[in-house]
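To keep things clear, I will list the structure first and then write my remarks on it.
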Amino acid sequence: MELRPLQYFLMIAREGTISGAATVLHISQPSLSRQMQELEHELGCKLFERGSRRIELTEAGMRLRRRAEEIVDLVGRTEAEFLISADTLAGEVRIGGGETQAMGLVADAVAELQEAYPLLRFSLYSGNAEDVSERLDTGRLDFGVFIGHTDLSRYEVIELPAQDTWGVFMRADDPLAQKRAIRAEDLIDRPLIFSRQASREMRSWFKHDFAELDIVATYNLLFNAALLARRGVGYVVSLEGIVDTSLDSGLAFRPLEPAIHAEVTIAWKRYQEFSPAAEAFLTKIRKLWG
């Protein structure tokens with residue numbers, strides 16, 4: 001399989017039409033259609049459903065899109081790394097992780113490296129543990145920051161000198177904001193907002209059947225969930241220190257009781273062949289925390 005048909009396939013998926021993709025790619029529409037037919041023949045499956053206005057991806061097409069994005073991305077990164085001269089430390093380091101105050105430690109390492117090597121670039125990706133693991137495994141991330149109980153047995157890891165505290169975000173004028181800490185019985189009959197990771201962490205703490213809890217919303221990024229909390233939609237179970245809870249914020253945070261703390265770990269694939277840029281970052285974090 002050649003790279004160019006995959007790039008053409010991704011452009012069609014993005015534009016939604018053969019004609020639109022052909023215009024962007026500066027090739028003829030018949031030529032592009034022929035190459036897609038050859039790709040379908042090579043893979044032995046139908047990639048597109050051709051509608052009257054737009055082209056939709058089949059299930060096989062959606063699977064190929066994910067793989068093609070990974071392949072094209074890795075080829076681009078590899079080419080960029082080898083275009084850099086041997087005596088110049090440059091390139092991109094990709095780091096993914098959940099929302100945590102411990103990312104401040106990662107930011108410190110990034111700042112020190114960027115000051116020493118101005119040609120280094122850093123790409124940050126926010127996602128839950130499953131998202132970050134998948135991107136680590138497929139090479140789209142160099143490092144992942146994980147919070148709490150996650151199976152990292154297939155990775156090399158360094159535990160960061162940080163610990164997150166679980167608690168609840170709510171409106172500052174909510175009656176529960178008068179409490180010093182929040183217990184499970186305070187939340188049983190109230191509308192709750194969880195992240196997927198919080199659901200895993202909280203099952204043992206609640207000692208209650210999750211199917212009976214009133215979970216009105218779930219979230220990936222806490223900023224968006226905080227908007228729901230400000231409007232009184234529900235109580236957001238999350239980690240402390242990620243969103244503003246100052247006097248003017250309209251929000252309050254109260255820790256759980258009994259307290260739950262989450263360790264924070266940075267991880268990378270075993271036997272990973274790092275680029276010079278990623279190797280420099282690894283050297284830095286080992287020096288700081290290893």
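Some values worked out for this structure:
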item: Size descriptor, Kirkwood hydrodynamic radius, that averages inverse alpha-carbon separations across the stretch 25-81, Å; result: 12.9
item: Label-point separation in nm, H149 to R63, each point 7 Å along Cα→Cβ; result: 3.3
item: Added length on full extension, which subtracts the Cα-Cα distance from 0.36 nm per residue, H208 to K287; result: 24.1 nm
item: Mean separation of Cα contacts under 8 Å (6+ apart) over length of the chain, as relative contact order %; result: 22
item: Expected 222 nm ellipticity per residue - DSSP helices of 4 or more, -39500 (n - 2.57), all of the chain, to 500; result: -13000 deg cm²/dmol
item: In nm, spacing of pseudo-spin labels at L119 and Y271 (7 Å Cα→C-beta vector); result: 3.2
item: Space enclosed by the convex hull of the alpha-carbon atoms of the chain, per residue, Å³; result: 198
item: Net charge over other residues, Cβ less than 14 angstrom from the Cβ of V72 (K, R count +1; D, E count -1); result: +2
item: Under the span-like rule (Cα at least 27 Å along the axis, Kyte-Doolittle mean at least -1.0), DSSP H helices of the chain; result: 59-82
item: Accessible surface, per residue, of the chain when the full set of protein chains is kept, probe 1.4 Å, Å²; result: 55
item: Gaussian network model of the chain, Cα within-10 Å springs - most flexible of R190, R140, R94; result: R190
item: Gap separating the Cα centres of the stretch 213-290 and the stretch 160-212, nearest whole Å; result: 14
item: 25 Å Cα-Cα reach of K179 towards lysines, excluding residues that sit fewer than 8 places from it in its own chain; result: K207
item: Highest-MSF residue in the chain out of V132, V106, V24 [GNM, Cα springs under 10 Å]; result: V24
item: Max mean-square fluctuation residue, GNM over the chain, Cα-Cα springs under 10 Å, options A102, A13, A229; result: A13
item: Spread of Cα-to-Cα distances over 5 Å intervals beginning at zero, given as percent, for the stretch 143-189; result: 4, 14, 21, 14, 10, 12, 12, 10, 4, 0
item: Cleavage-rule hits, GluC sites (Glu not before Pro), the stretch 198-290, DSSP coil, Cβ neighbours within 10 Å at most 14; result: E273
item: P(r) histogram, all alpha-carbon pairs of the stretch 160-261 included - 10 Å bins from 0, percent; result: 16, 55, 27, 3
item: Virtual paramagnetic centre 7 Å along Cα→Cβ of S19, amide N under 16 Å, in the stretch 35-60; result: 50-56
item: Accessible surface of the stretch 1-155 [probe 1.4 Å, protein heavy atoms]: carbon and sulfur percent; result: 50
item: Two-decimal Rg/Rh across the stretch 251-290, once Rg and the Kirkwood Rh are taken from alpha-carbon atoms; result: 1.26
item: Loop-located trypsin sites (Lys or Arg not before Pro) in the stretch 1-61 whose Cβ has at most 10 other Cβ within 10 Å (DSSP); result: R53
item: Computed lengthening from E156 to L43, 0.36 nm per intervening residue step minus Cα-Cα distance; result: 37.1 nm
item: Kirkwood-type radius of the stretch 84-229, with distances r between different C-alpha atoms, in Å; result: 17.9
item: Rounded FRET efficiency, nearest 0.05, which uses the C-beta distance separating E79 from Q101 and R0 of 35 Å; result: 0.45
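The values are calculated or read from the model by the stated rules, or taken from the named source; none is laboratory data. For clarity, every value in this text was computed on a predicted model and none was experimentally measured. In this analysis, Cβ positions are derived from the backbone assuming ideal geometry, glycine residues included, and neighbour counts consider all displayed protein chains. All accessible areas refer to the heavy atoms of the entire protein, side chains included, with ligands and DNA or RNA removed. Shrake-Rupley method; radii C 1.70, N 1.55, O 1.52, S 1.80 Å.
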